[in-house]
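Here is the structure we will look at, set down as structure tokens.
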Amino acid sequence: MGRMSERFRKRGRESPESVPAKRLRQYDATENRMETIDMLMAQIGAFNVVGVLLRIHQLESLISECLPDDKDQVLAILKRYVNRPPSHATSSYATIVGLLNVGFYPVIAECLGDLVQALQKALLKGKWEKARGLLHFFTELYNCNVINGSSILRLYLSFALNCVADEMDGLAPQLRSDFFAYCVITALPLIGRDLQLSGESFDHLITTLHIYMQKRKQSHGVLLSIFEDTDQQEDYLDTFWMQIIHLRQNNWLKHDGQRPSMYFDIKLSASLQHDLPELEMPEVNLVLEYPRPWVVFRIFDIEYLDIELDRYHLECEILEMFQQACMDRRVCADSLVTLIDRNSGGLAAHCVVEVILGQMLALPKSPQITLAYGSVLVEMCKRRPNLMHKVIAEATLVFISKMSSLRVACFDRLVNWLSHYMSNFFFAAGWEHWEPFFTDSSIDCELNPLAIFMRELLKKCFRLGYHKAIRDTVPVSLHKYMPPVPNALVPYFDNGTPTGQLAQELNKELGMKRTNPQVIEEILARSELDKQPKIHVLITCVLRMGCASFTHTLAALKIMKTVLSNLVTNEEDSHSILSGLFELWVNNEQFQYVVAEKLLRMNIVQAKYIVSWIFTPRLKKDLTKMYLWELLYAVMRHIKNPERGPIVPDDESDFCFKHLMLDAVLRIVKALNVSFEENKLAARHLDDDYWFKWMLGRLEDLLFVHFNDLNKIKSRLIKMCNGPNMCEPVVKIIQRFLALCLKSQPEPNTSP
Amino acid sequence: MATSVELSSYRDQHFKGSRSEQERSLKESCTLYVGNLSFYTTEEQIHELFSRCGDVRLIVMGLDKYKKTPCGFCFVEYYIRSEAESAMRFVNGTRLDDRLIRVDWDAGFIEGRQYGRGKTGGQVRDEYRTDYDAGRGGYGKLLSQKIAPNTDNR
């Protein structure tokens, strides 16, 4: 069959109507060569490429051969790759363009014109990563002697001047100016040493940037850093700018010498330089979404990477690698391990762990789910067990030692990651190294951040693993943080009381092979108890029937669904159901959370009543535990995404979600205000009240988790800030969020 | 082992419908088959691990046809496909209860499928196994019958 179709194709091609055979062969040859060029370009752009110099050589000769005949095709391929180069390949691509510039000056001139236009378009359309990539590419083109110094300076200056002008106007979002400054500042180390020689105009650039850096307002640092003490966690732009000052004072030190262009220095120097066409900076566009600011995340002191921007470039490479491959954790782990091996002797493994954990804990939210980061780290541990476990252990120790300043909004992610990591390696991770942190008696307090961490971590480990096996690996000194055995706690009902009688009758009927809901209703009607105690007994009996597993519980609830739905009509009824659930499963928080969520999905209990239940005074202490927040977010997810449950019109679900979110915010704020007043009355310092601090963190967490929905309740938040009886710490937090919201998207001037 | 979200080469032979129908439903499904579980792994453990990829709608534990005890597999259903995809990506081939578990697409749970299809009630693979697997009842069923002949004199 295959051979036949081949023959048929051949005959078809040679038919007189089609292209003459000679031209066809030519065409084939060109196509082949284009494919080769494409392939080589792709290989150079791939991570962990070896033999870059050889490939550059091959590409140079191949493209030189093709250019005279197939200029357009070659240029199209070239532009496709340099349009958004991965940062590690920028220099290689620039070298190729530089080598071609020697023999094909006019062609490259045309190419440069297109690239400037591409940059302009990227800025216009808000393709920020592409714009940054192109600016860095121009920088490398200067290093490859393709464009002259005054051109590149002019380009930088147009970015820098725009920052200052926008800042003065006050109309543009600061994020726009920050982005422009960021592009230039991160490009400078690649080129600073040379440009310094151009004297005045370079000084002008630095002064302009300096003015901007002095004037820009920076309030997000506190909000976006993973640790509260910000000594190592600084705003990204400040960090890089400090380095530029440092580099400049030290005559730009020497920069990493591994650039491909250096090997072609002699040849490159023979070419003529171009003057870049002028770049027109686009007008401010308020509709665009600008890149959000971030805080540089550091947990390791890596001395050999003392030049911050070197570290920046390594981190860029790691991040690009991760982003490109994270959907396939094995491929991702392979490339990251190769990167570590390539930088052996250095501390690249530390950098990789730092970048991955930094992304995982990033605020407002991480780009991927926590498990995506965790699973890549697990794969890396399998490939380089000795190295990776050691680095992760070091990182974990940093987190433990700085636990009191870890942002609450990152807490759940950290605990979830660590418990998953441990469950993949027999729960053997460094208990003995952690022990010393827990010997201090001050930790015994229930509200100590370390105690909370250990307690929640152990709970999560127990949820994933086998109780006894974990118990055996945990050192005795930490046993006090262990959760109780997670069995149901069946309350005792005295048969002599009406409650006991009801329970007895219900148990009898529920124990039948086929429970008849009608009979249950009759039993309930006969009982002289008030409604809420009745509901309490009923739900206790039903849940007890199903206590063997989630499936059993769900089956029991399903049978009783109509009875329960008919009974539960208001908030008090709903709270009776929930209190029955929480009492029976007091030793098993997972059951409390999962079953409560199912009650919502079965329409037995409404979302707003679960939210009010979470914030009832009796659960105040439990608000420092993860499960209540798991439940709150699950409830909000359910209301926000009606596709998961019964179909509700979009508007309606949006309306419900908005109200639910506002309700949750209001309840936290109220609890905080009350606690604030109590502290004031008792003349207690706020720093000593960890519950207060934790709840402030949870307020932030709630706002971060729903950051993209904040616009929906923005006006209410503003009103809230101006309301009476608001304590200052809460107002401060809400204002920071509003500022970050506004920064991302300035209020369009729509005064009526 | 397939790491991505694509279909593996396994096809359920008991599927009612044509091969292409089966593939279509596999490609739209939100249900996963989870294999190589320990007999002792609980539904709650599975729930905890899989809920890290998204909200879990349902877990159906695989049971021994006769003994009605867990026999080392289950079905996990999500509300939305993309969350099931995450589980394929990040959970397949990782550890639960110290065992590397297998996650694969499933065309959707139908009553009756929760039971082992082996002659002895468990999964077929546990009949012919020749290794000792403490998490799955020791040696394979056929082998263990040979090693320790039935001493029950009823």
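The values are calculated or read from the model by the stated rules, or taken from the named source; none is laboratory data. All values reported here derive from a predicted model rather than from experimental measurement. Every residue, glycine among them, receives a Cβ derived from its backbone with ideal geometry; neighbour counts consider all protein chains shown.
The residue of region B:59-86 that is nearest to B:G121 (Cα to Cα), among those that are modelled with pLDDT of 95 or more and within 8 Å of another protein chain (Cβ to nearest Cβ), is B:M61. With respect to being basic (K, R) and within 14 Å of chain B (Cβ to nearest Cβ), A:K513 falls outside the description. The requirement of being at pLDDT below 95, within 12 Å of chain A (Cβ to nearest Cβ) and within 18 Å of B:D64 (Cβ to Cβ) is not satisfied by B:Q123. If I go through region A:561-572 residue by residue, how many of them are in a loop (DSSP other than H, G, I, E, B), surrounded by fewer than 22 Cβ atoms within 10 Å (Cβ to Cβ) and either touching a His at 6+ places or on another chain (Cβ under 6 Å) or not hydroxyl-bearing (S, T, Y) (or both)? Qualifying residue count for the region: 1.
Residues that are under 28 Å from A:V398 (Cβ atoms) and among the charged types (D, E, K, R) within region A:233-253 comprise A:E234, A:D235, A:D238, listed in sequence order.
So in region A:452-494, with the set limited to residues that are within 14 Å of chain B (Cβ to nearest Cβ) and among the polar types (S, T, N, Q), which one is surrounded by the fewest Cβ atoms within 10 Å (Cβ to Cβ)? That would be A:N487. So which residues in region A:573-613 are crowded, with 23+ Cβ neighbours inside 10 Å, over 29 Å from the mean Cα position of the chain (by Cα) and in contact (Cβ under 8 Å) with a residue 60 or more places away in the chain, if there are any at all? Correct list: A:L584, A:W585, A:N588. Counting residues in region A:402-418 that are surrounded by fewer than 18 Cβ atoms within 10 Å (Cβ to Cβ) and within 13 Å of chain B (Cβ to nearest Cβ) gives zero.
Checking region B:69-83 against the condition returns no match, with no residue being on the phi < 0 side of the Ramachandran plot, within 17 Å of the chain's Cα centre (by Cα), in a loop (DSSP other than H, G, I, E, B) and crowded, with 21+ Cβ neighbours inside 10 Å.
One line per residue, one yes/no per condition, for (1) under 30 Å from the mean Cα position of the chain (by Cα); (2) surrounded by fewer than 21 Cβ atoms within 10 Å (Cβ to Cβ):
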site: A:C111; (1), (2): no, no
site: A:G126; (1), (2): yes, yes
site: A:R132; (1), (2): yes, no
site: A:L141; (1), (2): no, no
site: A:G149; (1), (2): no, yes
site: A:R154; (1), (2): no, yes
site: A:L161; (1), (2): no, yes
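Each row is one residue, and each column tells you yes or no for (1) more than 9 Å from every other protein chain (Cβ to nearest Cβ); (2) modelled with pLDDT of 95 or more; (3) crowded, with 17+ Cβ neighbours inside 10 Å; (4) assigned to a loop (DSSP other than H, G, I, E, B).
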position: B:D12; (1), (2), (3), (4): yes, no, no, yes
position: B:E23; (1), (2), (3), (4): yes, no, no, no
position: B:L26; (1), (2), (3), (4): yes, no, yes, no
position: B:E48; (1), (2), (3), (4): no, yes, yes, no
position: B:C53; (1), (2), (3), (4): no, yes, yes, yes
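Can you confirm whether A:N448 is surrounded by fewer than 14 Cβ atoms within 10 Å (Cβ to Cβ) and either away from every other protein chain (no Cβ under 14 Å) or out of contact with any strand residue (DSSP E or B) (no Cβ under 7 Å at 6 or more places or on another chain) (or both)? In short, no. Any residue that is within 30 Å of A:R311 (Cα to Cα), outside the structural domain of A:E315 (by TED's automatic domain parsing), at pLDDT 85 or above and of a type in the set (S, T, Y) - is there at least one of those in region A:70-85? Yes, region A:70-85 has at least one match. Filtering region A:325-344 to residues that are within 14 Å of chain B (Cβ to nearest Cβ) and under 19 Å from the mean Cα position of the chain (by Cα) leaves A:A325, A:C326, A:M327, A:D328, A:R329, A:C332, A:A333. Suppose the filter is in a loop (DSSP other than H, G, I, E, B), within 10 Å of chain A (Cβ to nearest Cβ) and surrounded by fewer than 22 Cβ atoms within 10 Å (Cβ to Cβ); does B:G118 pass it? In short, no. Out of the residues in region A:419-432 meeting the condition of being assigned to a helix (DSSP H, G or I), closer than 13 Å to A:R463 by Cα and not small (G, A, S), tell me which one is nearest to the other protein chains (Cβ to nearest Cβ). Ranking the qualifying residues of region A:419-432, first place goes to A:H420. Just wondering, is there one or more residues in region A:614-631 that are within 13 Å of chain B (Cβ to nearest Cβ), within 24 Å of A:D701 (Cβ to Cβ), modelled with pLDDT under 95 and not in a helix (DSSP H, G or I)? No, region A:614-631 contains no residue that is within 13 Å of chain B (Cβ to nearest Cβ), within 24 Å of A:D701 (Cβ to Cβ), modelled with pLDDT under 95 and not in a helix (DSSP H, G or I). The single residue among A:G45, A:G98, A:G51 that is surrounded by 13 or more Cβ atoms within 10 Å (Cβ to Cβ), out of contact with any Leu (no Cβ under 8 Å at 6 or more places or on another chain) and closer than 20 Å to A:M262 by Cβ turns out to be A:G45. Has region A:179-190 got any residue that is over 20 Å from A:F240 (Cα atoms) and touching a residue at least 24 places away in the same chain (Cβ under 8 Å)? Within region A:179-190, not a single residue is over 20 Å from A:F240 (Cα atoms) and touching a residue at least 24 places away in the same chain (Cβ under 8 Å). Screening region A:219-246 for residues that are touching a helix residue (DSSP H, G or I) at 6+ places or on another chain (Cβ under 7 Å) and polar (S, T, N, Q) and picking the one that is surrounded by the most Cβ atoms within 10 Å (Cβ to Cβ) gives A:Q243. Does A:L357 count as closer than 20 Å to B:S86 by Cβ, surrounded by 21 or more Cβ atoms within 10 Å (Cβ to Cβ) and modelled with pLDDT of 85 or more? Taking the combined requirement at face value, the residue satisfies it. If you check A:F737 against the conditions, is it under 25 Å from A:Q174 (Cα atoms) and hydrophobic (A, V, I, L, M, F, W, C)? The answer is yes for A:F737. Among the residues of region A:345-382, those identified as farther than 15 Å from A:Y421 by Cα and within 14 Å of chain B (Cβ to nearest Cβ) are A:S366, A:P367, A:Q368.
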